[in-house]
Amino acid sequence: MSKYKILIADDDIYIIKDIMRTLLKNPDYTILTTGNGKAAYEIAEIESPDLIIMDWQMPVMTGIESTMLLKQNPITKDIPIIITTGIMIESIDLSTALISGAVDYLRKPIDEVELVARIENMLTLSEAYLKIKQQNEAMQSQLTSRLVNIQQLNELKMAIIRQLDTIRNQAIGQDKQALNETICKTERLLHSKAYSINWDDFELHIESTHQGFLNKLKSKYGEFTRYELRLCAFLKLNMSSKEIASITYTSPNSVNIARKRLKKKLNLNPDESLQMFIQGL
């Protein structure tokens with residue numbers, strides 16, 4: 001069974017045949033082909049190839065246009081694309097190809113040895129990137145799960161405290177003072193044993209999952225308080241004010257006030273979304 005799926009998009013059937021002749025020497029490769037950029041986009045969305053070799057000039061949709069669409073699609077954005085061309089061969093053209101989202105560039109006529117080397121290198125890099133991405137997703141999932149547990153434990157703690165308060169109000173007779181003392185001790189114990197986050201560990205997880213996120217914030221926008229950094233991290237995890245409040249043991253209103261201050265510190269316009277801005281960093 002083939003290990004890699006490679007899509008070749010070129011309107012010149014002879015170019016496709018030449019590339020296929022070279023690649024089919026490797027039993028690890030399954031080859032898909034098409035003659036225009038629009039079809040390449042549609043095939044990539046369905047087949048999820050490991051690599052696309054995309055001609056620049058094609059009918060219906062150019063390779064550059066197709067590449068830009070593929071990079072905007074969450075399903076296909078991580079597929080590496082090599083642009084090939086026999087016409088657009090200037091340095092500025094290379095820059096255009098890379099800006100569009102391509103990861104490499106081959107001039108025609110394509111050298112067989114160079115083609116094989118570029119493909120092998122790209123597949124190796126792609127595998128490494130996918131592995132890192134999966135590890136980061138697993139770490140984020142673990143972190144999110146841990147935060148949910150903290151939220152649930154804090155909610156349980158508050159429910160117990162409310163219940164104790166009800167018992168205190170309902171207590172009558174000479175035992176009320178002793179009962180109050182017992183309830184107060186229980187409340188103090190709940191507060192002291194409240195599930196807390198190891199923030200150093202938390203920040204380490206954030207940096208591992210979203211590499212350079214906190215450092216980028218500090219270098220670009222100056223110093224932040226510890227709470228502001230935590231708030232940014234929570235927003236990066238797409239948490240609501242209510243969820244943040246339950247984890248930080250504050251009120252949703254306090255979180256909303258902190259969000260407004262943070263938005264002002266980041267010089268955002270009133271109509272800009274703080275959540276979307278943080279997500280984009």
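So here's what we get for this one:
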| read-out | value |
| --- | --- |
| Pick from the range 57-67, criterion part of a helix (DSSP H, G or I) and of a type outside the set (D, E), ranking: farthest from the chain's Cα centre (by Cα) | G63 |
| Hits in the range 1-22 (condition: in contact (Cβ under 8 Å) with a residue 24 or more places away in the chain and under 17 Å from I87 (Cβ atoms)) | A9, D10, D11, D12, I15 |
| Residue check for A102: outside any loop (DSSP other than H, G, I, E, B) and either without any contact (Cβ under 8 Å) to a residue 40 or more places away in the chain or within 30 Å of the chain's Cα centre (by Cα) (or both) | no |
| Where a residue in the range 210-225 is farther than 16 Å from K265 by Cα and its partner, wherever it lies, is β-branched (V, I, T) and in a loop (DSSP other than H, G, I, E, B), with Cβ under 6 Å and at least six apart | none |
| Inter-residue pairs, beta-carbon under 9 Å, first not assigned by TED's automatic domain parsing to the domain that holds A102 and in the range 62-87, second part of a strand (DSSP E or B) and buried (at least 20 other Cβ atoms within 10 Å of the Cβ), 6+ apart | none |
| The range 255-281, residues that are over 13 Å from E228 (Cβ atoms) and outside any loop (DSSP other than H, G, I, E, B) | N256, Q275, M276, F277, Q279, G280 |
| Subset of the range 231-252 (residues that are in a helix (DSSP H, G or I), closer than 20 Å to K157 by Cβ and not β-branched (V, I, T)) | F234, S241, K242, E243, A245, S246, P252 |
| Single residue of the range 1-56 satisfying the filter (in a loop (DSSP other than H, G, I, E, B) and among the hydroxyl-bearing types (S, T, Y)) that is farthest from the chain's Cα centre (by Cα) | S2 |
| Qualifying positions in the range 53-104 - among the small types (G, A, S) and buried (at least 18 other Cβ atoms within 10 Å of the Cβ) | G63, S66, A97, S100, G101, A102 |
| Residues within the range 213-228 that are under 16 Å from V255 (Cβ atoms) and either in a helix (DSSP H, G or I) or not assigned by TED's automatic domain parsing to the domain that holds K264 (or both), tallied | 3 |
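For every residue, the table says whether it meets (1) of a type outside the set (F, W, Y); (2) modelled with pLDDT of 80 or more; (3) in contact with a Phe, Trp or Tyr (Cβ under 9 Å, 6 or more places away or on another chain).
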position: F213; (1), (2), (3): no, no, no
position: S219; (1), (2), (3): yes, no, no
position: Y227; (1), (2), (3): no, yes, no
position: L235; (1), (2), (3): yes, yes, yes
position: N238; (1), (2), (3): yes, no, no
position: I247; (1), (2), (3): yes, no, yes
position: R259; (1), (2), (3): yes, yes, no
position: L262; (1), (2), (3): yes, yes, yes
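The values are calculated or read from the model by the stated rules, or taken from the named source; none is laboratory data. In this text, all values refer to a predicted model and were calculated from it rather than measured experimentally. Note that each Cβ is placed from the backbone with ideal geometry, even for glycine, and that neighbours are counted across all protein chains shown.
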